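J.: Please see the structure below; I have some questions.
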Amino acid sequence: MEFEGYCVKQKKRTKAKDAQEVTMKNGRKALKGVCSECGTVMFKILGTK
Ligand SMILES: [Zn+2]
């Protein structure tokens, strides 16, 4: 599973791979993955606009 997110290391939008759905402390769902270019952990918050 992949998603597009913001890589804080490269300061640009990249594709994240190995995405998993996780629930954060505040109860929100997010996708957690690693940047396909540099391996930095990336999150994408689900269900916000
Ligand atoms: Zn990156």
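Just so it is clear, none of the values below were taken in a lab; they were calculated from the coordinates. Not measured: the values here are computed from a predicted model. Cβ: placed from backbone, ideal geometry, glycine included. Neighbour counts: every protein chain shown.
J.: Keeping to pairs on different chains or 8 or more places apart, tell me how many lysine pairs in the chain have Cα atoms under 19 Å apart.
T.: Total qualifying Lys-Lys pairs in the chain comes to 18.
J.: Would you mind putting 23-33, 7-17 in packing order, based on average other-beta-carbon counts within 10 Å, highest first?
T.: 7-17, 23-33
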